[in-house]
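Structure, as structure tokens:
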Amino acid sequence: MTTVAIASSTQLAADGGAALARMGGNAVDCAIAASLVSVVTEPGICSLGSGGYLTIAAPGEDPVTIDGYVTMPGRDLPAGHSPDGAIRAHMEYGGGVDLVVGHASVATPGALAACGVASRRFGRLPWVSLFEPAHGHARDGFPLQNVSYNYLRCSQDAVFNWNEDSFAAIHDPEGNLLRPGETVRVAHLAESIELIAEEGPEAFYSGSLATLIEQDSLANGGFLTRADLESFEPIIRDPIAVEGETWSVYTNPQPAVGGATLAAMLMLMRGRPSEGWTTDELSHWVKVQRAVLGFRRDRLDPSTDISRDVEALLVAARTGELGDFQPSPSTVHTSAVDSTGLACAVTLSAGYGSGVMPPGTGIWMNNCLGELELNQRGVDWPVGIRLPSNMAPTVARRGDGAVLTIGSAGSSRITTAIMQSLSNFMNAGMTLREALAHPRVHVEEAESGWQVAYEPGMPAEELDMPSRAFEDLNMFFGGVGVALWTPDHGFSVAADPRRGGGTAIAGT
């Protein structure tokens, strides 16, 4: 019998993964199924038209990361076509965000292709089975989750209301935004999911859905073509490895920058905080963030040779020579481990959403070309190149056979949320639930320079730098999910209270 522990962004998603476990699925099957439920039932947060990564550790094998992140579109654009479908927007989310939406903000999505590779290589159940929970929600409708409602309140005018199909999916017949608990029914979504389930990822990348996506893109000033979809290939990469005293951590490699950022922070925070978040430990953590995030801003974000600059970051972190440091929305994540020791971490993102829903598909598309805080170059990329990402799905192994999977939502806060959760658990001796519920600190850039954003319970006001206080735990600081299996004690699983995440343990 195989038992699986799942932590996901909502209870609906965790329950979807558990359903696969009861059908005999392993950790990879359950993680993919839970992720599919998330992208279907969290409108505004993510979608099938997303990009993402899966980091997987199978017993007796080296861990791998399957890169299905978005690429720059624009292959075989018709002569005279002008990709002018960009809409600049602003929304009051997380203190205010400038972004670009519309058809010219859509990058080539790779999430479904990456899930297909993971299913074929590591899964146990047929591809069609992975879609059963998501298809049921799309067919019957699903209750609007609080996390989606709170995001849609901020984003509907900027992102979703300009597109007729997008507007109809999240509003009642009188034009009012649906309230939490009210039923969402997205026209054509169930039919699209059924097609992808029966025909495989090819239905999206080279079948009838690809035709509808291209037609809508070209008719409305987008870059995305059928040739972009047909040419997309997931890449299997060796993750970045960080060897600690007890745990070995494996995370997302370049060309993504989130894994390298997390790895540098892990090196500089080795063993800390050993006795809780005192003022000295917090001061150290803030210095680490300023050094690593400053390197990212100055070197990684504008990089023209990301492999060279990631290696420079990791070398500087190992030697403690990083900057002035001296040692002294939108994303969904699922973590799953099973009783064989198989671990899978899946993080998917559609950016803040483009508002684009190609007619007849029910599928929202990403705005990863217009997610300006992470993609500072906008559309100034060679066609086909992977865009930068802060996602960092991560697995960790211990010498006794224990295995852990972790990841987070949260845009630019992903790596700091994961880092603090790992530090709390591995170094401060907290349980997984305590580690995720503990207050967090994130160093951010303001007009006047660096400042500390923090939740109550952290002594940030004692630091000698500007700060921004939050009244309570806040989804701004991420949405971590973590699952752990040890040979001696079995399963532990936790989901971030900031996001109302869900957990499940199930098996055959």
| Debye, to nearest 20: dipole size of the chain, +1 on Lys, Arg Cβ, -1 on Asp, Glu Cβ | 660
| message | For the range 139-188, which GluC sites (Glu not before Pro) pass both filters: DSSP loop (anything but H, G, I, E, B) and at most 10 other C-beta atoms within 10 Å? | response | 174
| What does the highest-first list of 285-297, 258-270 look like by mean Cβ count within 10 Å? | 258-270, 285-297
| Accessible area of residue 194 in the full protein assembly, 1.4 Å probe (Å², nearest 10) | 80
| request: Would you work out if the range 273-354 is rounded, prolate or oblate? Take a ≥ b ≥ c from the square roots of the eigenvalues of the alpha-carbon gyration tensor; rounded if a/c is under 1.5, else prolate when a/b is larger than b/c, oblate otherwise. | output: oblate
| query | Rank 120, 498, 397 by accessible area, highest first, at a 1.4 Å probe radius? | reply | 120, 397, 498
| task | Report the full-extension gain for the segment residue 215 to residue 270: residue separation times 0.36 nm, less the Cα-Cα distance, to one decimal in nm. | result | 14.7 nm
| query | Residues with amide H under 5 Å of residue 9's amide H, sequence separation 5 or more or different chain, H placed in the peptide plane at 1.01 Å from N; which? | reply | 333, 502
| said: I'd like the Karplus ³J(HN,Hα) series for the range 186-197: coefficients 6.51, -1.76, 1.60, θ = phi - 60°, whole numbers in Hz, and an x wherever there's a Gly or Pro. | reply: 9, 4, 6, 5, 4, 5, 5, 5, 4, 5, 5, 5
| message | Which of rounded, prolate or oblate describes the range 369-441 when judged by the alpha-carbon gyration tensor and an a/c cut-off of 1.5? | response | oblate
| request: Please tell me the relative contact order of the range 1-97 in percent, rounded to the nearest whole number, where contacts are Cα pairs under 8 Å and at least six residues apart. | output: 16
| task | Report the local net charge at residue 194: Lys and Arg +1, Asp and Glu -1, summed over other residues whose C-beta lies under 11 Å from its C-beta. | result | -3
| field | the range 42-193: relative contact order in percent, alpha carbon pairs under 8 Å with at least 6 residues between | value | 25
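Ranked from highest to lowest mean number of other Cβ atoms within 10 Å per residue, what is the order of the peptides 452-458, 105-111, 380-386?
105-111, 452-458, 380-386
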| field | For residue 238, solvent-accessible area (1.4 Å; no DNA, RNA or ligand), Å² | value | 120
| For residue 61, solvent-accessible area (1.4 Å; no DNA, RNA or ligand), Å² | 80
| task | Based on the mean of other Cβ atoms within 10 Å per residue, sort peptides 272-282, 67-77, 474-484 so the most packed one is first. | result | 474-484, 67-77, 272-282
| How would you classify the range 49-103 from its alpha-carbon gyration tensor, with a ≥ b ≥ c the square roots of the eigenvalues: rounded for a/c under 1.5, else prolate if a/b is greater than b/c, otherwise oblate? | oblate
| remark: Placing each pseudo-label 7 Å from Cα in the direction of the beta carbon, residue 315 and residue 431 end up separated by a distance in nanometres of 4.5
| Cα-projected label distance for residue 88 with residue 471, points at 7 Å along beta-carbon direction, nm | 3.3
| task | Have a look at the DSSP beta bridges in the chain and tell me what percent are antiparallel, nearest 5. | result | 95
| task | Using Cα pairs closer than 8 Å and at least 6 residues apart in sequence, work out the relative contact order for the range 359-508, in percent. | result | 20
| remark: Computed about the Cα centre, the charge dipole of the range 59-166 from +1 Lys/Arg and -1 Asp/Glu charges at the Cβ has a magnitude in debye, to the nearest 20, of 280
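The values are calculated or read from the model by the stated rules, or taken from the named source; none is laboratory data. From a predicted model like this one, the values you see are computed outputs, not experimental measurements. Note that each Cβ is placed from the backbone with ideal geometry, even for glycine, and that neighbours are counted across all protein chains shown. For accessibility, only protein heavy atoms count, side chains too; no ligands or nucleic acids. Shrake-Rupley method; radii C 1.70, N 1.55, O 1.52, S 1.80 Å.
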